[in-house]
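Everything on this sheet refers to the single structure shown next.
Rule-based calculations on the coordinates, nothing more; no lab input. Since the structure is predicted, the reported quantities are computational estimates derived from the model, not experimental observations. Here the Cβ positions follow ideal geometry from the backbone for every residue, glycine too, while neighbour counts run over all protein chains shown.
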Amino acid sequence: MKYFSLNKKSPVVGFREATINGQAPDKGLYFPEQIPSIDPNLLANIEKISNEEIALSVIAPYVGSSIPADKLARIVGETVNFDIPLVSITEKISALELFHGPTLAFKDIGARFMSRCLGHFVQGIDQKVTVLVATSGDTGGAVASGFYGVDGVEVVILYPSGKVSSVQEKQLTTLGKNIRALEVNGSFDDCQQMVKQAFADDQVRAKRFLTSANSINVARWLPQQFYYFFAWKQWKEKDLPPVISVPSGNFGNICAAILAYTSGLPVSHFIAACNANNTIPEFLRTEQYDIKKPIATISNAMDVGNPSNFVRIMEIFHQQLGDLRKVFSSCSISDDDTRVAIKTLFSKKHYLMDPHGAVGYIALLDYLSAHPGLKGYFVETAHPVKFYDVVEPVIGATVPVPSSLDEILSREKSSVKIDAQYQQLKEYLMV
Ligand SMILES: *Cc1c(COP(=O)(O)O)cnc(C)c1O
């Protein structure tokens, strides 16, 4: 498979280069030259096929010969070695729980796959490799956990001070070893901007071999297709494909879902469920793309004013908004509605959602009430305990802490504080 830059001003590269570069030299996102079709036998027999086999069939055409087959099988096996259950909540609504991995959020899957691919690729590089990443919350923890102890790779994580949950912060700042956390006095978009500047800075790049681990990296983006196939494996009514509601921030997760659909996965409709950060719902309404300043919400991992991956979604639909609209819609949900939904579903169905999942749930509920013949699932992107500060007051009860988190919460935070000024990041990187 070859990848081209969506800015169309960079050379076409293979999976290896696309993974190592993160972003193309012209600052475009990489996109596969062809979207492969899933083997119809795989879809027909999916209930009998193991998750490892499904994932391997999905990803193999994207990786090509850049990783030997046995190594790729091992990487995939380590990526999907935890439960991804589709849990039925009401007659029409299920939750696809993606929070059973090591950092209790869906980003574990992409981060685990990417870190292992990169670990394989850097074996041939004799410069220090730095993974530079901005996080709005869960990326950092997943990346830190994925890369922890990987030889030859240092990870530098920028996060907005005071704008990630206390559990998230511990996951970023307590590992040590090859993982460094920079606590930025600013917003997530500031962090992302600073990271972009570093990638464009030749002096920094001469000093360090920089690569990204954000959802723009193909090795993080593409494996996010896996769990939509696992959901189909568990979907009971094969003659009525699901409506899929994805709580969305940077739109990487939903873009992977749409890619899976383009490869042949049966889906009735996609909903990109946003919080108050409504750039895409507004774009669909007005057909005018206005970048907005991010607004802080209780679903903070989706506080994104300019979702990077939306250009990939437009590319899948060949820039035809009419075609996009046939299978895709997007809406914006308030914090108040999110709190009410968490409380209501908990008291009525004893199902506890985190604030991100809850945004997806409300969007799905609204869509299904307008389309009564359909059923669907929302993606539960994080364990509610990661957002206990939001969830506990809403339900008036404490959320039991899984033992894996207990240990992290007891560790000492270690971060370097910087202002939202590129110069400060540069000084740190030039040492
Ligand atoms: C990152 C994240 C999202 C948003 O995913 P995108 O791929 O950026 O749209 C949603 N929920 C949680 C918990 C996240 O960590």
Please work out whether the stretch 193-327 counts as rounded, prolate or oblate from its C-alpha gyration tensor, where a ≥ b ≥ c are the square roots of the eigenvalues and a/c under 1.5 means rounded, while otherwise a/b larger than b/c means prolate and anything else oblate? prolate
If the elastic network links every pair of Cα atoms under 10 Å, which of MET194, MET114, MET302 fluctuates the most in the Gaussian network model of the chain? MET194
Provide the gained length on full extension for the span LYS48 to LYS2, in nm with one decimal, where the gain is 0.36 nm per separating residue minus the Cα-Cα distance. 13.4 nm
I'd like the antiparallel share, as a percent to the nearest 5, of DSSP beta bridges with both residues in the chain. 15 percent
Quick check: residue separation of ASN185 and GLN34 times 0.36 nm, minus the Cα distance between them. What number comes out in nm? 50.2 nm
Full-stretch length increase - ALA397, ASN41 - with 0.36 nm per residue and alpha-carbon distance subtracted: 123.5 nm
Fluctuation leader among PHE99, PHE387, PHE283 - the chain, Gaussian network, Cα springs under 10 angstrom: PHE283
Return the distance in nm (one decimal) between the two label points of a simple spin-label model at LEU321 and ASP389, each offset 7 Å from Cα along Cα→Cβ. 3.8 nm
Springs between alpha-carbon pairs under 10 angstrom, Gaussian network model over the chain: which of VAL340, VAL195, VAL385 fluctuates most? VAL340
Give the calculated FRET efficiency between ASP70 and ASP406 to the nearest 0.05, with a Förster radius of 30 Å applied to their Cβ-Cβ distance. 0.25
Is the C-alpha gyration tensor of the stretch 160-201 telling us rounded, prolate or oblate? Criteria: a/c under 1.5 is rounded; beyond that, a/b larger than b/c is prolate, otherwise oblate. oblate
Which of the three applies to the chain, rounded, prolate or oblate, going by the alpha-carbon gyration tensor with a ≥ b ≥ c and a/c under 1.5 meaning rounded? rounded
Which longest uninterrupted range of the chain lacks any GluC sites (Glu not before Pro) assigned by DSSP to a loop state (not H, G, I, E or B) and surrounded by at most 11 other Cβ atoms within 10 Å? 92-236
